[in-house]
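Remarks on the structure that follows.
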Amino acid sequence: MIILPAIDIKDGNCVRLYKGDFSTVEKVAADYLETARSFEEAGAEWIHMVDLDGAKEGRPVNTKIYTDVAEKTSLKVELGGGIRSLETIQEYLNMGITRVILGSAALKDPKLVSDAVVKFGSEKIVVGIDAMNEMVAAEGWLESSDVHYIDLADKMISFGVKYFIFTDISKDGTLSGVNCQQLSALNEAVKGRADIVASGGVHTMADIIACKEMGLYGTICGKSIYKGTLDLREAIEYASDKC
């Protein structure tokens, strides 16, 4: 299992939100590049980055920050937030971003997901499924829908999607533990067809252990790293252990 330490960017700052609420923004690190390099030193191979301004505005906003991390570290950058077109995907991939996340587009513009997988390949595209009470949310979590998270995953798999990030919004930024029930249900539903990355609620090593025991592909860790409740190096070493 891979561990993806996270940096969310708003107004050029490294921040975390509580349950996706923009009014709860909290600055958690002084310098994005220094933070990314600390992840690299701890043994991380990937970094999960979100353009919160982009998610809200529906367009790329903090581009230089992500390209800096891609250029100045060895980390593979997984990036989401405000990606709404094939042109934007192409630009980010050309800039060195390893994998892009399509979230709102999966719900509102499924053809974009289908076209993106065809054009760029399933290794370059990950669909972010963000849910509240099992129903998918969009537009930086500001809009709700009547689409069940497993139904959306099934639809996306039919387009060739291989990777999903599942976030229980009610858990995100709370340090209250991952939603094992929903993660397990999703993982079982897509088994043999796609891989799941857990996001939201990671608090301690117990969450990393739970995600690995479920057979998940990856786990995203954000606030737990910044608050010191999870040791990133320990998490990476446990997750990558093949035994």
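The values are calculated or read from the model by the stated rules, or taken from the named source; none is laboratory data. Note that the coordinates shown come from a computational prediction; the quantities given were computed from them, not determined experimentally. No Cβ is skipped: glycine too gets one built from the backbone with ideal geometry, and neighbour counts run over all protein chains shown.
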Query raised in the report: Which of the following residues is without any contact (Cβ under 8 Å) to a residue 24 or more places away in the chain and either farther than 20 Å from Leu232 by Cα or polar (S, T, N, Q) (or both): Glu87, Glu71?
Result: Glu87
Report task. Can you tell me which residue within segment 1-39, out of those that are closer than 17 Å to Ser74 by Cα and polar (S, T, N, Q), is farthest from the chain's Cα centre (by Cα)? Result -> Ser38
Report task. Among the residues of segment 27-63, write down those that are in a strand (DSSP E or B) and closer than 19 Å to Thr167 by Cα. Result -> Trp46, Ile47, His48, Met49, Val50, Asp51
Report task. Report whether or not Gly82 is on the phi > 0 side of the Ramachandran plot, surrounded by 21 or more Cβ atoms within 10 Å (Cβ to Cβ), in contact with a Lys or Arg (Cβ under 6 Å, 6 or more places away or on another chain) and in contact (Cβ under 8 Å) with a residue 24 or more places away in the chain. Result -> yes
Report summary line: Expected single match for over 15 Å from the mean Cα position of the chain (by Cα) and among the β-branched types (Val, Ile, Thr) among Val77, Val61, Val100 is Val61
**Report entry** Hits in segment 193-211 (condition: of a type in the set (Lys, Arg) and closer than 23 Å to Val77 by Cβ)
**Finding:** none
Query raised in the report: If we keep just the residues of segment 152-173 that are among the polar types (S, T, N, Q) and over 14 Å from the mean Cα position of the chain (by Cα), which is surrounded by the fewest Cβ atoms within 10 Å (Cβ to Cβ)?
Result: Ser158
Query raised in the report: Among all residue pairs at least 6 apart or on different chains, which show Cβ distances below 7 Å where the first residue, located in segment 117-129, is free of Cβ contacts under 8 Å to residues at least 24 places away in the same chain and the second is exposed (fewer than 13 other Cβ atoms within 10 Å of the Cβ) and of a type in the set (Phe, Trp, Tyr)?
Result: none
Requested in this report: Using the structure shown, decide if Ile225 is outside any strand (DSSP E or B), modelled with pLDDT of 95 or more and either among the aliphatic types (A, V, I, L, M) or under 15 Å from the mean Cα position of the chain (by Cα) (or both).
Outcome: yes
Query - Conditions (1) assigned to a helix (DSSP H, G or I); (2) basic (Lys, Arg); (3) at pLDDT below 95; number of the one not met by Lys155 - result: (3)
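From the set of residues in segment 173-193 that are part of a loop (DSSP other than H, G, I, E, B) and either in contact with a helix residue (DSSP H, G or I) (Cβ under 9 Å, 6 or more places away or on another chain) or aromatic (Phe, Trp, Tyr) (or both), which is nearest to Lys119 (Cα to Cα)?
My answer is Arg193.
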Query - Among residues of segment 207-230, those that are free of Cβ contacts under 8 Å to residues at least 40 places away in the same chain, farther than 21 Å from Gln182 by Cα and either in contact with a strand residue (DSSP E or B) (Cβ under 9 Å, 6 or more places away or on another chain) or basic (Lys, Arg) (or both), counted - result: 1
Query - Answer residue from segment 106-151, given it is surrounded by fewer than 17 Cβ atoms within 10 Å (Cβ to Cβ) and assigned to a strand (DSSP E or B) and is modelled with the lowest pLDDT among those - result: Glu143
